[in-house]
Amino acid sequence: MTAVEQSLPAKDQPKTIYLKDYQVPGYLIKTTDLRFEIYDGETIVSAMLHLYRNPTAQTPATQLILQGADLELISIALDGKQLSTSDYEFGEESLTIFDTPAEFKLLTITRIKPEANTSLEGLYRSRTMYCTQCEAEGFRKITYYLDRPDVMSEFTTTVVADKKYPVLLSNGNLIDQGDAENNPQNNRHYATWHDPFKKPAYLFALVAGDLAHIEDSFTTCSGRDVTLKIFVEPKDLDKCDHAMESLKNSMRWDEEVYGREYDLNIFMIVAVDDFNMGAMENKGLNIFNTSCVLAKPETTTDAGFQRVEGVVAHEYFHNWSGNRVTCRDWFQLSLKEGFTVYRDSEFSADMGSRTVKRVEDVTLLRTLQFAEDAGPMAHPIRPESYIEISNFYTMTVYEKGAEIIRMLATLLGKDDFRKGTDLYFERHDGQAVTTEDFVAALADASGRDLTQFKNWYAQAGTPRLQVTDSYDEDAQEYSLTIKQSCPPTPECQQKLPFHIPVALGLLGSAGDLPLYLKDAEPDFETGDNTHTVLELTAAEQTFVFQRVQEKPVPSLLRGFSAPVKLQYNYSRDDLIVLMSRDSDGFNRWEASQQLGLQAIYHAMSAYARGESLAGLQLDADLLSAYSSVLQDDSLDQAMVAYMLSLPSEAYLSELADVVDVEAIHHSRMAVRKALARALRDHFVRIYNAYDHQQVYAATADAIASRSLKNVALGYLMLLGEDDLIRACEQQYRESNNMTDVMAALSQLVNADAPLAQQLAETSLADFYQRWQHESLVVNQWLSVQATCLLPNTLDKVKGLQNHAAYDGKNPNKIRALIAGFCGGNAINFHANAGAGYQFLADQIILLNTQNPQIASRLLTPLTKWKKYSPERQALMKKELERIIAEPNLSKDVFEVVSKSLV
Ligand code: B3K
Ligand code: ZN
């Protein structure tokens, strides 16, 4: 018996949903008229649904099964006639109405309790406002409905509430408002919204609150004026400008790059403090986590500014990739998410630096998504089955999904890709479709055969590319042999070969060599012939380049042209060449990372032999390569910062078969210290050249120079010198922006020197004193402490749980403190004989009933248990078993724990 089977009696085990079981809905809903009567403590929802049999269903439906959860049914009438209890039946999360006609109107009246809704799904209360989150299956917590994305209906929504909630919003255009009827005290009012675009229930939204807003407008490419409003709590009105600017930039970009115009008269964003994720693309009424909309220099870091820009764009782009064309079922999630992440990442690349954005995206992918793809929750970007769909809003569906769209764009080229997306939007506007439909549109528009490419949608796992080469000087031929393989994953043991674009160039002594690929298409030699994209389709393929006059250094997988692990035996000298002068900026960075890895692995071998790493010396050639980077004026400063930053502990762990937490941490730290000692003067020069008085700007250049200066500070702080520590504290005290304040604070908190610790303590106290009323700033304060790499952090984290700054119901606070510690502080999370594991399991058990989605997300560090030493494995597994033995386990937590224990 497996652990899963042991855990629950078979009848109580949550059901697995399979893609292969998909059936079209028996009924469709023409119109949906909703009325919300919001009172303190309860809300009454009246839903009038105009239903009709789906003409495409194989057999005509004779009963209607609606989904509903946590609802109290007050009354139900079909075509005006009240139903009696024998006309319908309740299931676990359903209401079945018997003997239903071909077409009818169903009126249900239900009672819900938003104030008691801690799952933050459905209608709930966050601080002073009411708001909704319906994706994926939250609408069923609002009223009985066909809660599936292929049922698209025209919604009209009336919200009635006390006037202490002056702002009443829903999707679409405002068509009516006024004082409520039967309202003797004249203290209630209403607003009616109509959304002319058919949409699935997951895109429904409602907000009621005492909100302030900023307003702007955008004239679309066809000359229509669109009102833009961002609603926030009044205290946050000074933090909306960056989001508004980002929104206008997104609207323009989508017109220019994809030909997509906005379609309603108004576009609204509302910022909410209690939110399970970043934001939600509800039609015309996006609801955002405050952390993804509010920004101003004094309170928000550069990363925060960039996140706001990226998330605003992402949600806006969903208006076409997600809303106008939506998903047939939740297995198709990547249809909208992968595509939209690709779109937002290209937008950010166009707004800032393309190479920097690529480095950031690949870093995220290779640490988090590759780890997911190698773990128990591995799944293809279009999964075959799930227990709880909320568990599939993953790095794989989003980030790998985006890589798959990127590969399609690379294979088709700019013009054909655009023709393909135009055809997709035109062909499927107003429909709920599949990833197959998306690929078909691209294939039809370009004339390309994408059959094999579709393996990327169905097979999980990160493919490995093993590259070998040979140079024949006499024949002047250079051959590259590429073998592909993919490790087994839960859904599939034997993989079919993938269709993989491998972008490359060949470096000669004087720069990129011209490429003459044997047997290539005749047009190969036109245009830029120093860069090409090879198409790998077989398990093994050899590509021969002719007229190669010297033995080249291959620059492989330029721009990270495919989400794969590349293995090629680069010598250290090759890497130094690539790092110093590859024409592909991404591969220059990649070479720096490979060099960093080699240095860390070298230190890890010494560590394994029990040698002291205290005075570790780095090789002179390596140091001179790093110092050339520091002096290379042709490089973007952000790139210098990234090239100088060693691969993270998380990435080193992902690469390891068995993670040795201490060896990774101490070896990486030793290399960092060695770099700090050797390059001290460069770092001091960079630090001193920075003008700390300059006015803050969130431009790519300004962000880059802060980033490089703060990387220099990070190295300098490793030297433990009092003057440098004092300079750091001065940066903390005097900086005019949160990026520099946080960078300094984090360095003080992490510096293992008495003076630094003393200054860290006073600075942390000062920080809280100053910012205690700014929730998002307090989150940064929690997170800087949770990620402190010095010992005893777990005790501090536990202490902070009782601090006034913490709120165990707010997802942002949970992420800052609990996920910050368990997911971002390996050396402490894995310390003390499993104390960290036990702490995490306790939090998950607590959150399991309160907020299952957040509980399930927090599990990630424990799901990796098989990657650790046998002792740690046993301790982590014990905690997973303790969780699964809990009564009332949510589907969310059950699915992740049970799959991890297999
Ligand atoms: N579509 C939403 C995510 C919904 C998550 C539901 N658990 C945000 C986004 O990806 O744009
Ligand atoms: Zn999205």
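Restricted to helices (runs of 4 or more DSSP H) entirely inside the stretch 652-739, those with at least 2 residues that are under 30 Å from the mean Cα position of the chain (by Cα) are 661-678, 700-717. Exactly one residue among Q549, Q541, Q493 is surrounded by fewer than 15 Cβ atoms within 10 Å (Cβ to Cβ) and in contact (Cβ under 8 Å) with a residue 60 or more places away in the chain, and that residue is Q549. When the stretch 15-74 is limited to residues that are under 27 Å from C131 (Cβ atoms) and of a type in the set (D, E), the one that is nearest to the chain's Cα centre (by Cα) turns out to be D70.
Condition check for A562 on (1) more than 34 Å from the chain's Cα centre (by Cα); (2) in contact (Cβ under 8 Å) with a residue 24 or more places away in the chain: one failure, at (1). Considering the stretch 289-314, the residues that are within 23 Å of Y130 (Cα to Cα), touching a residue at least 40 places away in the same chain (Cβ under 8 Å) and not aliphatic (A, V, I, L, M) include one that is farthest from ligand 2 (Cβ to nearest atom), namely T290.
Restricting A161, A201, A136 to those that are in the same structural domain as F90 (by TED's automatic domain parsing), within 16 Å of ligand 2 (Cβ to nearest atom), in contact (Cβ under 8 Å) with a residue 40 or more places away in the chain and on the phi < 0 side of the Ramachandran plot reduces the list to A136. The residue pairs whose first member lies in the stretch 856-869 and is among the hydroxyl-bearing types (S, T, Y), whose second member is buried (at least 23 other Cβ atoms within 10 Å of the Cβ) and in a helix (DSSP H, G or I), and whose beta carbons are closer than 6 Å, counting only pairs six or more residues apart or on different chains, are S856/N391; S856/D892; S856/V893; S856/V896; T863/S900. Listed by position, the helices (runs of 4 or more DSSP H) enclosed by the stretch 325-401 that each have at least 1 residues that are open to solvent by 10 Å² or more (accessible area, probe 1.4 Å) and within 14 Å of ligand 1 (Cβ to nearest atom) are 333-351. Any residue in the stretch 203-226 that is within 16 Å of ligand 1 (Cβ to nearest atom), crowded, with 24+ Cβ neighbours inside 10 Å, at pLDDT 95 or above and not small (G, A, S)? So far as the stretch 203-226 goes, yes, one or more of its residues are within 16 Å of ligand 1 (Cβ to nearest atom), crowded, with 24+ Cβ neighbours inside 10 Å, at pLDDT 95 or above and not small (G, A, S).
Does any residue of the stretch 601-608 turn out to be surrounded by 21 or more Cβ atoms within 10 Å (Cβ to Cβ) and either under 29 Å from the mean Cα position of the chain (by Cα) or under 28 Å from F498 (Cβ atoms) (or both)? No; the residues of the stretch 601-608 include none that is surrounded by 21 or more Cβ atoms within 10 Å (Cβ to Cβ) and either under 29 Å from the mean Cα position of the chain (by Cα) or under 28 Å from F498 (Cβ atoms) (or both). Does G322 satisfy being within 12 Å of ligand 2 (Cβ to nearest atom), buried (at least 20 other Cβ atoms within 10 Å of the Cβ) and at positive phi? The answer is yes for G322. Taking the numbered list (1) away from ligand 2 (no atom under 16 Å from the Cβ); (2) out of contact with any strand residue (DSSP E or B) (no Cβ under 6 Å at 6 or more places or on another chain); (3) farther than 24 Å from T863 by Cβ in turn, M407 passes all entries but (2).
Against the definition (free of Cβ contacts under 8 Å to residues at least 40 places away in the same chain and either within 17 Å of F317 (Cβ to Cβ) or not in a helix (DSSP H, G or I) (or both)), how does E261 come out, yes or no? No, not satisfied. The set of residues in the stretch 767-792 that are open to solvent by less than 70 Å² (accessible area, probe 1.4 Å), free of Cβ contacts under 8 Å to residues at least 60 places away in the same chain and under 22 Å from C728 (Cα atoms) comprises F767, Y768, V778, W781, L782, S783, V784, Q785, A786, T787, C788, L790. Checked against the criterion of being of a type in the set (A, V, I, L, M, F, W, C), open to solvent by 10 Å² or more (accessible area, probe 1.4 Å), modelled with pLDDT of 95 or more and more than 14 Å from ligand 1 (Cβ to nearest atom), the candidates A303, A295, A271 yield just one match: A303.
The values are calculated or read from the model by the stated rules, or taken from the named source; none is laboratory data. This structure is a prediction, so every number in the text was calculated from the model and none was measured. Every residue, glycine as well, gets a Cβ built from its backbone with ideal geometry; the counts of neighbours run over all protein chains shown. Side chains included, ligands, DNA and RNA excluded: accessible areas come from the protein's heavy atoms. Shrake-Rupley method; radii C 1.70, N 1.55, O 1.52, S 1.80 Å.
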